[in-house]
1. Please label the shape of segment 13-105 as rounded, prolate or oblate, based on the square roots a ≥ b ≥ c of the eigenvalues of the alpha-carbon gyration tensor (a/c under 1.5 means rounded; beyond that, a/b larger than b/c means prolate, else oblate).
2. What range in the chain is the longest one free of chymotrypsin sites (Phe, Trp or Tyr not before Pro) that are in a loop by DSSP and have at most 16 other Cβ atoms within 10 angstrom?
3. Towards the positive end of the charge dipole of the chain, with charges on Cβ (+1 Lys, Arg; -1 Asp, Glu), say which of Ala220, Gln193, Ile179 has the farthest Cα.
4. Provide the per residue accessible area, probe 1.4 Å, for segment 1-140, rounded to a whole number of square angstrom.
5. Quick one: what does P(r) look like for segment 32-73 with 10 Å bins over all Cα pairs, in whole %?
6. Over the Cα atoms of segment 121-163, each weighted equally, I'd like the Debye log10 I(q)/I(0) at q = 0.29 Å⁻¹, rounded to two decimals.
7. Hey, got a sec? Which GluC sites (Glu not before Pro) in segment 45-120 land in a DSSP loop and have at most 15 other Cβ atoms within 10 Å?
8. Would you mind telling me the share, in percent, of accessible area of segment 81-130 contributed by carbon and sulfur at probe 1.4 angstrom?
Amino acid sequence: MEYSIVIEKLMFLIIFQDTPFLVIQEDKDYKKLSNSSFFREVLTESIINLHKNYEGIYASKLQLFYKESGLINDSFRKLRSLKWEIKCKGITELAEMNITEAFDTIIKTATVHNKTLKITAINASIKLGGTKGIVHLTAHPYPIDDWTQVNIINAFKKHDIGDVKGVELLLESQNTTVITLGLKLIKELKLTQKLPFIVQLVAKAPNTLIQNEAQNVVQALTV
């Protein structure tokens, strides 16, 4: 109960009172609790949940507090954890708070075998880097299953990625599941500007299945 009262007061000061962090730092309740790892965890969760519902200036204020208070460092520590569930938490927090400097580390995590961690990392890298978050899959050596593909497509729809430059590179992969993902993305997002690349794929498809999938996408986009 004590935590929730303190956190509510803090959020009010940050969002509606424009209180600088130097002042918040001196708040007796915050001072008393700020070194407690459990309090910081609860505080981070509150900020993440609020950030999901705010945009513009309010979201920026939350991001600034997240950085100035050092909560960002807690998230980076989670990202470096060897436990996949803690790693997932760190990735989700950093992506929600738009911490683009975490992008390269998150991208590396997207190549792991653990499916939940892989999906979390790919979704986060799409949020932070748009198509930069999936172009690395062109060289992905393992099959990308249907469930992961669905999650990637949903991440693009959810984050409303405007710049889709590079999606066509997936069609050049040696991995047929990556080619299929590229075709699905182009079809689902109705990227008619990528039609020439699919026409090329129809002509040089690695197998009949991919050729048929490519022809279906051409058909769907030209109707």
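1. oblate
2. Maximal segment without exposed cleavage sites: 55-223.
3. Checked the options; the winner is Ile179.
4. Value returned for segment 1-140: 52 Å² of accessible area per residue.
5. Binned Cα distances yield the sequence 29, 56, 15, 0.
6. Treating every Cα as an identical point scatterer, log10 I(q)/I(0) equals -1.10.
7. Values: sites: Glu45, Glu55, Glu68, Glu85, Glu93, Glu96, Glu101; in loops: Glu55.
Listed in order of number, the matching sites are Glu55.
8. The nonpolar share, carbon plus sulfur, comes to 58 percent.
The values are calculated or read from the model by the stated rules, or taken from the named source; none is laboratory data. None of these values were measured; they are calculated from a predicted model. Neighbour counts are summed over all protein chains in view; Cβ atoms, including those assigned to glycine, are modelled from backbone coordinates with ideal geometry. Side chains included, ligands, DNA and RNA excluded: accessible areas come from the protein's heavy atoms. Shrake-Rupley method; radii C 1.70, N 1.55, O 1.52, S 1.80 Å.
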